[in-house]
Each structure stands twice: as C-alpha cells, then as structure tokens.
Amino acid sequence: MSLQLDGCLTPLSAERPPSARPGSAARNGPSGAPSPSQGGARPPSGRPQSGMRPGSAAGRPGTGAQRPGSAMRPGTNGMNLGNVGNRNVLSQGLGRTATKTGMARTVTDRNYYVGELRVRIGELNGEIEKMSSEIEQFERDNQSAIQLQKSIDDVTEEVEALQGQLKDYNLLLDRLHTSTSSELEVEQLREQANDLKKSNEVERRKADQIFTERNAKENQIAEIEEQVHHIQQDMERQLGELNQSDRENYGHLKAENSRLITDIAEYQAGIDQVAEEIKKLQNELRLDPSKQKNLTLHDELRQLQKQKAELEEETSNKLSIPEEIEKLTHKVKATNAEVQTIESNISTVLEALNKLREDISNVEKNMAESKSERAEKFRDLVKKDKDMTEFMEQYESERSQLMEENAKVEYLIQTALETASKYVGAEHSLPSADMVNQMREDATFKEDQLTSSQQTAERLKHELDQRRSELDKMANLDGKIEEEMQGLKAKIAKMKEELVNFNSIDTVKESFENNKKLQNQEKQVLSKRKELIGQQNQVLSANNDAKERLLRENESHGQIEILEKSLRHYEQNNFHIKEYILAKGKEGDYKTIRDEVIKLTSDMNVQVNAGFSRMKL
Amino acid sequence: MRLLRCRLAVLGESAVGKTALIQMFKSEGAHYPKNYIMTLAAEFHSKTVQIREKDTSVEFYVMDLSGKGLYDSLRRQVLEGTSMFIVVYDVTNEESFKMAEKWIDEYNAVVSNSVGGALIGNKSDLEERIEVKTQRGQDLAREHNLAFFECSALRGTEVETPFNWLANAFLNAYEDKMKLYASLDKS
C-alpha cells in the first residue's frame, strides 16, 4: 500500500517518460500483470488499472497531455484515501504530500533561486565576520592565557608550600590533641635542652680552663727556654773563661758526644731492627707447632733445671730432722699468715664493695634527680660495679682454690712429719746390711716354697674333684650293672631254653619239614579251592546276569519298580506330614492347661461344698 | 593285623532313622541325608572298624532293612546269615519303642545263634519331644541281653560308639570261639 502511494505522489513520478504510462495504459486484464520492475508488488486487484479509467483515453496527446493526466492523480489519490486511516500518520503520508507539492512550485521560479542565493551569501558574509571576530578574541585570550598560566604556576607553588605548612600544623595539632604524652615529651625536650646547655657550659668552662692551663704551660716553657738560654750563655761565658787545653778537651768531648749520639741512634735503629726480626721469628715460631713444642720443652727444661738446682741446694744444705721440722713449721706458719692476710684482704674488699654498693644506691637516687649530668658518672659506676661483681663472683672460686692448695700443703707437711718421726724412731732398731740381705734371700726362698705349695694344693683339689666324679659314676654304674645283669640272666635263660632245641636240631628240622609239607599241601588245596570258587563265581555271575535280564524283561517287575517309586514318594510325603502334625500337635497341646483347670475346679468345688456344709450347720 | 568280617542287620520301625544312622557311620559324620527317602526292601553297606589295641579290624557288612511290613517276606532271607543286629527306635515315637521288642524277637526267631546285638534310641537331639526315657530303653536292652545306646544321627553324637562296641563284641566272640576250637583240638 505504501509503495502505491510513493509511486503516485513523488515529484519524480511526474517526470517519468510518457512511454511508461501508455504502456501501462495499454495493459488490460491478465496480460497487464505487474512485473517487479514496474512496482509489481502490487496485487492486480489492488486498484483498477489506469487504462481502464474514463479520464485516460487512449488517444491522449504525448507530453502535453501528461500533466493533465497526472493531474488526474488526485483522483487516484482520492481513491486511496479510504486506506489512509490504516497507516501510521506520523511516519509517512499526508504531511509529506503537502511539502512535495510546494517544492514543485518553487523550482520553476528563477528569482526564487537568485533571492535565495543572495540571502545565503549574506548569511555567509555574516558568518565570516563572526568567525574573524571570534579569531581575534581567541588571539587576545591566548595572550592573556599565557600570563594567567604563569600566575597560576606561581599560585600553585605558593599553595603547595602553604599546604605543606598546613599539613605540619595539622600534624602538630593532631599530636597535641591525640597524644596525652606530647606535653611530657615537650617538657622532656626542654629538660634535655637545659641539660645540654648546662653540659655545654661545663664543657666551655673546661675548655677555658684548658686554654688557661695551656697558656700557663706556654709561659712556663718560655721561662724554661729563657733559663736554658741563660745557662747556655753562662756555659759559653765559662768556656770563654777556660784555658786553651780545656777548651780543646771540651771540643773533643762535644764532638765525641755528637758522635756517640749518632752511634746511639744507629744502635737504636739496629736494636729496633733486631727486635722486629725477633718478633717476626717469634711469630714464625708461634705458627710452627714443632718449634712451639720445642720452645715449651725448653721452658720446661729450664724450669726443671731450676728446680733441680733448688733441690740440689736443698740437699747440699741437708738439715737435721728437728731443723727440718722447724723449717716446715715455719713454712706452715707463713702460709697461715698468708691465708690470714688474704682473709683480711677479702674482708676489706667486702667492706669496700658494700661501700660501693651504697654509693651506687646513692648515685641511683641522685640519678633520678638529675639524669643528664650524672649519666656519665652512673655509667662509670655501673662499670665499676660490674668489675666488682666479677671480682666477687671469682672471689669464691679463687678463695676455695687457695684454701685447697693450703690444705694440700698442710697434708703434705703432716705426712712428711709423720714419716720423719717414724724414721727417727726406727733409726736405732735397724738391722745390718748383711742381715737384711740374708733375710731377703730367706724371704724369696719362702715365697718360692709358698707358690709351690699353693700349686700342689690346687692340683690336689682338682684330683679330689676328679675322684669324686668317678665315685659318682661308679655309684651309678652299680644300678646299670644290675640292670644289665638281669637282662643277661633273662637272655641266658632264654638261650638255655633254646639250647635244648638246638641240642635236638634234627627234631627241629624234622618238625620244620613236616610243617612245610603240610603248608604246601594246604596251599595246593587252597589254590584248587580258589580256582573252583572262581569258576563258581563265573557261573553265579552268569546266572545273576541272566536273572537280571529276565527281571528287566519282566513287565510286572517294571510295574513293581514304578509302584515302589510312587510308594517311596508317598511315604516321603507321609513322613513330612506326620512331622508337621507332630510339631503342630506339640504346639497346640492343651493337656497341661486342661489338667490345671480340672485341678482348679475340683479345688473350688471342694471349697464350695465345705462352705455349704458349714452354712447348713 | 587281623581282619574279621561280620554281617550286621539293622532293624526297626520305618522312619526311625536307620538309614541316616548308617550313612553317618559310613561317612564318618560327613553325610547326613536331609530328606527322608524310604528304603526299599534292603540296602547293603560295608565299613571297617579298627580295634587298635588288639591289632584287629572288623569289616561290617551292614544290611539296612526296610521297616515296612511290605517286605516282611523278604526280610527273613536277608537276616539269615547275619551275625549281629541293631534295633533302632525313635525316642520321640512311643510306637517305635513298643515295636522294638517285636523286632528283637523277629531277629532272634530267624537267627538263633547271634553273636550279639544292640538297641539304639535315635533322635536324641529332639529333647522337647522325647517320649521314651533312657531308662526304659536300658531296661529293654538288659531284658534281651543287648547293649543300649542313645544317639543323634542329625548331630552325629554317639554314632560310632555302638559299632565300635559291636566290633569288640564280635572280636571277643571270635577269640572265644578260637579258644574253644583250640581246646577241642587239644582234647
């Protein structure tokens, strides 16, 4: 439907070649069936063909008549108005028709185009002016923009700096607001600052003092130099007063002195070199284990030699026993005195320690008051305390070590004294050397004898054990021998019995022969019997087979077999049924209950009878 | 090692468990016939019993006879030639016990010189259904000079004992006879 309208109402359709129309007009009926190229989507029955219309006569003149023909279109259009209501009015349709018709009219007017162009040119000029003014404005703005950009940069920098400051302030404020200890921190900082000021002051004073001291020292040096100068002057003066020989002597001595000074310097250098070499060699020695060992051995040797010398000295100065005792007692006394002194030292050290502890406590108290000033002192004291504690810790072990050593020495002295006194006592009752030698010989002889006697004792003990074991064996053997004897006796009796038979060996042989004959005869009989039985067996089995065959052939046997089978089946059923009945009978056995009931009723009857009899009475 | 052969007849009312007893004895407790199958006339089984202390074996030829009256005429033929017998009754069946005496008499009527016999009360496992007390069985056995046993073929209890006793009895009888023959020979 829309296609139809488009085809009719567009201005282009009015400009169609006239040949198209006659073609369509010439069409009639079925031959005029629309083709797709001719807007053939239309159904043939959509509307009446234009050729059939009264207005479109066949003799219409060419193009001139086309307009009126096309003018006829509104009629055609009017014919389709009935369907307009079915369309969407907004998308296409009537509105459009009106504009198209208007356009068709203006196209034909030339002035319209001229006027239109003029208007357009004017509009373009106006537009160009507007744009040029805009460009100018833009350029101006651009210039001012550069300046503004610069100012923006400056301002942003300033803003950033201010923001940083603001952040700091904010942080400070936050801290002040949030943290309660901030005031304390500030106070601490102030205190620290004051402490630092004070320490600085002290340091400054110290520095001033040092400076003054330095000045004093410099002054002293200057004075000394002056004195030296005076002395030199005096010396020169005195030298000048000296005679020629002394002056020469002095010159010589001076030259020698200078030479000796140089020599000393040279020797000193040589000594230093040698010392370095020694050091080097010692290092090498330290690194070399064998040399080190050698060195230690040398040291030991030296010490031992020293000890040897001491001992030799002691032996050379051999004292008598009482003198020795006296000496040792002196030594003991000396060591005791040493111990006492050490103990007194310990007590003094302990006192000092206590004092120091007190001091430490005092210092700690003072430290609480003024931390910064006495921090260093406190550190020193702490260090001292540490040293003292270390000493105290080691004190006990050292003391015990010393005490142990002392005890050892005392013990040694005591043993030495004991041995000495023993020897002193035994000195008078000692035998002579010959006697001693004889006694030794006797002792060795006796020892040998003792060992030999011990060996013999052991040997004898061993032999005794052997004999005992043999005795046990012998005792056991008696029983065995008896058993064997009995066995042998029985054997003898048996053999004697047999001997009787063996004596009459001929009779034995005879009986054996007879027996053999009898056995052979029996064997023959039995073998014959066996044969006969075999034959009989064959006959009987043949008979059995024949009978079996007969039996099988017998009809009544077959019937009997069938009957037996059925009987077996019935019996089986019968057995099962009987079993079932028995089982059920046992289940439903009321005999016991019946007996109980009868007993109960009889009892009741007896009681009722007794009651009635009582009522009658 | 001696081997003695003994024909043994097993008698008793039908369905008292004769075949089951023999089967259990033969299979040494391995095979028990679960379903009842009636024995027709007679069935033959053999089983050897060893008597170790005497170094002797007794081979039993067991005649399993039907308890039905149908085979009365045939039974006589089978019983002839047997040396020993067993009469079985059902301890849960009073009737079977009553008939046991009849069976003993029947055997003795046929075999006058039997070596010995035994009376066995079967189905001792059915304790709640027992109708024949042990004492009655013992009394009956004593009356007829028989050994008495109670067994359960189903459970396999005391199945071999009667056969062992019969084997010993047979051996003793044999030895007695041998001694008798020996004495006769000497005389």
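The values are calculated or read from the model by the stated rules, or taken from the named source; none is laboratory data. The shown structure was predicted, so the numbers you read here are calculated from the model rather than taken from an experiment. Virtual Cβ from ideal backbone geometry, glycine too; neighbours counted across all protein chains shown. Calculation scope for accessible area: heavy atoms of the full protein, side chains included, ligands and nucleic acids excluded. Shrake-Rupley method; radii C 1.70, N 1.55, O 1.52, S 1.80 Å.
To keep it simple, each residue is scored yes or no on (1) within 19 Å of B:ALA147 (Cβ to Cβ); (2) of a type in the set (A, V, I, L, M, F, W, C); (3) open to solvent by less than 40 Å² (accessible area, probe 1.4 Å); (4) within 17 Å of the chain's Cα centre (by Cα).
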{"residue": "B:ARG52", "(1), (2), (3), (4)": "no, no, no, no"}
{"residue": "B:ASP64", "(1), (2), (3), (4)": "no, no, yes, yes"}
{"residue": "B:GLN77", "(1), (2), (3), (4)": "no, no, no, no"}
{"residue": "B:TYR89", "(1), (2), (3), (4)": "yes, no, yes, yes"}
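When the stretch B:108-128 is examined, which residues are found to be assigned to a helix (DSSP H, G or I) and over 15 Å from the mean Cα position of the chain (by Cα)? Once the filter is applied, which keeps residues that are assigned to a helix (DSSP H, G or I) and over 15 Å from the mean Cα position of the chain (by Cα), the stretch B:108-128 yields B:ALA109, B:VAL110, B:GLU127, B:GLU128.
Restricting attention to the stretch A:578-601, does a residue exist that is under 24 Å from B:TYR71 (Cα atoms) and open to solvent by 70 Å² or more (accessible area, probe 1.4 Å)? Scanning the stretch A:578-601 turns up at least one residue that is under 24 Å from B:TYR71 (Cα atoms) and open to solvent by 70 Å² or more (accessible area, probe 1.4 Å).
Run down B:ALA147, B:ALA109 and say which single residue is over 30 Å from A:ASP589 (Cβ atoms) and open to solvent by less than 50 Å² (accessible area, probe 1.4 Å).
B:ALA147
Of the residues making up the stretch B:50-93, those that are more than 24 Å from B:SER124 (Cα to Cα) and among the hydrophobic types (A, V, I, L, M, F, W, C) are B:ILE51, B:VAL58, B:PHE60, B:LEU70, B:LEU74, B:VAL78, B:LEU79.
What number of residues in the stretch B:1-55 are closer than 29 Å to B:LYS177 by Cβ, touching a Phe, Trp or Tyr at 6+ places or on another chain (Cβ under 9 Å) and not aliphatic (A, V, I, L, M)? Residues flagged as closer than 29 Å to B:LYS177 by Cβ, touching a Phe, Trp or Tyr at 6+ places or on another chain (Cβ under 9 Å) and not aliphatic (A, V, I, L, M) within the stretch B:1-55 amount to 11. Checked against the criterion of being part of a helix (DSSP H, G or I), open to solvent by 50 Å² or more (accessible area, probe 1.4 Å), under 23 Å from B:PHE44 (Cβ atoms) and touching a Phe, Trp or Tyr at 6+ places or on another chain (Cβ under 7 Å), the stretch B:160-173 contains one or more residues that satisfy it. The requirement of being polar (S, T, N, Q), open to solvent by 80 Å² or more (accessible area, probe 1.4 Å) and more than 60 Å from the chain's Cα centre (by Cα) is satisfied by A:ASN503. Checking A:ASP168, A:ASP195, A:ASP153 one by one, the residue that is surrounded by 10 or more Cβ atoms within 10 Å (Cβ to Cβ) and under 30 Å from A:GLU376 (Cβ atoms) is A:ASP195 and no other. Considering the stretch B:126-144, the residues that are open to solvent by less than 80 Å² (accessible area, probe 1.4 Å) and more than 14 Å from every other protein chain (Cβ to nearest Cβ) include one that is farthest from B:LEU4 (Cα to Cα), namely B:VAL132.
Is it the case, given these coordinates, that A:ALA269 is modelled with pLDDT of 90 or more and either part of a helix (DSSP H, G or I) or closer than 30 Å to A:THR419 by Cβ (or both)? Steps first, answer last, please.
On the way: modelled with pLDDT of 90 or more: yes; either part of a helix (DSSP H, G or I) or closer than 30 Å to A:THR419 by Cβ (or both): yes.
Against the criterion (modelled with pLDDT of 90 or more and either part of a helix (DSSP H, G or I) or closer than 30 Å to A:THR419 by Cβ (or both)), A:ALA269 qualifies.
Within the stretch B:81-91, the set of residues being at pLDDT 90 or above and either away from chain A (no Cβ under 13 Å) or assigned to a loop (DSSP other than H, G, I, E, B) (or both) comprises B:THR82, B:SER83, B:MET84, B:PHE85, B:ILE86, B:VAL87, B:VAL88, B:TYR89, B:VAL91.
Checking A:LYS446, A:LYS489, A:LYS408, A:LYS494 one by one, the residue that is open to solvent by 100 Å² or more (accessible area, probe 1.4 Å), basic (Lys, Arg) and within 30 Å of A:ILE342 (Cα to Cα) is A:LYS408 and no other.
No other residue among A:GLU522, A:GLU555 is open to solvent by 100 Å² or more (accessible area, probe 1.4 Å), of a type outside the set (Ser, Thr, Tyr) and under 30 Å from B:THR39 (Cα atoms) apart from A:GLU555.
Scan A:GLN220, A:GLN147 and give me the residue that is surrounded by fewer than 10 Cβ atoms within 10 Å (Cβ to Cβ) and at negative phi.
Numbers: A:GLN220 fails: surrounded by fewer than 10 Cβ atoms within 10 Å (Cβ to Cβ).
From the options A:GLN220, A:GLN147, the qualifying one is A:GLN147.
Scanning the stretch B:1-60 for residues that are assigned to a loop (DSSP other than H, G, I, E, B), touching a helix residue (DSSP H, G or I) at 6+ places or on another chain (Cβ under 8 Å) and within 14 Å of chain A (Cβ to nearest Cβ) yields B:GLU13, B:SER14, B:ALA15, B:VAL16, B:PRO33, B:ASN35, B:TYR36, B:ILE37, B:MET38, B:THR39, B:LEU40, B:ALA41.
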